[in-house]
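The values are calculated or read from the model by the stated rules, or taken from the named source; none is laboratory data. Note that the coordinates shown come from a computational prediction; the quantities given were computed from them, not determined experimentally. Glycine also receives a Cβ, built like all others from the backbone with ideal geometry; neighbour counts cover every protein chain displayed. These accessible areas exclude ligands, DNA and RNA; they are computed on the full protein's heavy atoms, side chains included. Shrake-Rupley method; radii C 1.70, N 1.55, O 1.52, S 1.80 Å.
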Amino acid sequence: FAAQRHVLTYMEDAVSQLLENREDISQYGIARFFTEYFNSVRQGTHILFREFSFVQATPHNRASFLRTFWRCFRAVGKNGGKYFNICCRYLLTAQEYHCLLQLLCPDFPMELTQKAARIVLMDDAMDCLMSFSDFLFAFQIQFYYSEFLESVAAIYQDLLAGKNPNTVIVPTSSSGQHRQRQPPNDCSPLDGVEASLFYQCLESLCDRSKYSCPPSALVKEMLSSAQRLTFYGFLLALAKDQEINRALGALPDKGDLFLDPVMDQELEKLVAQVSGLSISGPTSSSGDTANMPVRNSPRINSPWKPLHHRRKMDAESEGSNEETDSSEN
């Protein structure tokens, strides 16, 4: 059970943060720290602003990151932008989606973003625009099943070349460094590979792989109506399959993608507070702020560990030593 739930990974991380922040934690006590740490793990907020090696370390971390990305930026996908109607665009480029990912994980690799975009764009120009829902479901497959897809790409290449992939190459590195995937040649005269043979290889891969794989029964059902298929066609089918999405459990169905009553309530409160500030602001030049509304913003639980690259701002400016001209009029 401990190995399946990656308990050791979280214990090591908790102890590391405890030692790193022992001066602050000593004010509250070790017991309270561990309670808050594992509550954040349970709630899925423990991955906020953490390094990529930790974000992708466990399936729970990956699912938590996917869910957080959806909840934070789903308003981007709302046509018209209910809360960001001034700057919202319904379609974004891969680079713009990558910038959003880096707001949650500063060192998130661009390579994974490009691979997810390639699923949507089918190897078209990478600067094309994508809808939030298309990118999100493609990114989910690419990010959560990353190691599985690397092995699938190798199997597809062997089948395309007429080889029998008896030996399945399973990635063993968990360092977060991903190999550059060479796009399979989808321009083959055979128009891809035979679906039934492809599934047999995938079933064998799922049986022996120690990494997360989509349920083989759902993959079999998905490929049952296909005679032949291409690599990117297979990835796109994975991204669009709602049964596989439900089995993964990180995102809602596509029809409910922009529904989140809890988050909507929080956004409504923030919008009301901002509106109240703009209306109830001081109108006199006396500087009296007694009529300013009190802002009771909800506190957001965050992990103890600070940002990976945290910069300290100087309290005093070095540019305050400029001399003024004594003969100034």
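In order along the stretch 102-107, phi translates into HN-Hα couplings of 6, 5, 9, 9, x, 9 Hz, rounded to whole numbers, per the Karplus curve 6.51 cos²θ - 1.76 cosθ + 1.60 with θ = phi - 60° and x for Gly and Pro. If you roll a 1.4 Å probe over the heavy atoms of the protein chains, what accessible area per residue do you get for the stretch 1-43, in Å²? Here the residues of the stretch 1-43 average 73 Å² of exposed surface.
From the phi of every residue in the stretch 16-25, what ³J(HN,Hα) in whole Hz does the Karplus formula 6.51 cos²θ - 1.76 cosθ + 1.60 yield, where θ is phi - 60° and glycine or proline is x? Running phi through 6.51 cos²θ - 1.76 cosθ + 1.60 with θ = phi - 60° gives 4, 5, 4, 5, 6, 10, 4, 5, 6, 5 Hz.
Normalise the Cα radius of gyration of the stretch 1-43 by 2.2 N^0.38 Å (N = residues in it) and let me know the number.
Relative to the rule-of-thumb radius for its length, the stretch 1-43 sits at 1.20.
Amide H contacts under 5 Å for residue 130: 92, 93, restricted to partners 5 or more places along the chain or on a different chain, H placed in the peptide plane at 1.01 Å from N. Keeping the other protein chains in place, figure out the carbon and sulfur percent of the accessible area of the stretch 1-43, with a 1.4 Å probe. Within the stretch 1-43, the accessible surface is 54 percent carbon and sulfur. Simple rule: put +1 on each Lys or Arg Cβ and -1 on each Asp or Glu Cβ in the stretch 1-43, find the dipole, and look at 17, 38, 27; the Cα lying farthest toward the positive end is 38.
Think of each Lys and Arg Cβ as +1 and each Asp and Glu Cβ as -1; about the Cα centre, that makes the dipole of the stretch 1-43 roughly 240 debye. The modelled label-to-label distance between residue 16 and residue 253, using points 7 Å beyond Cα along the C-beta direction, is 4.0 nm.
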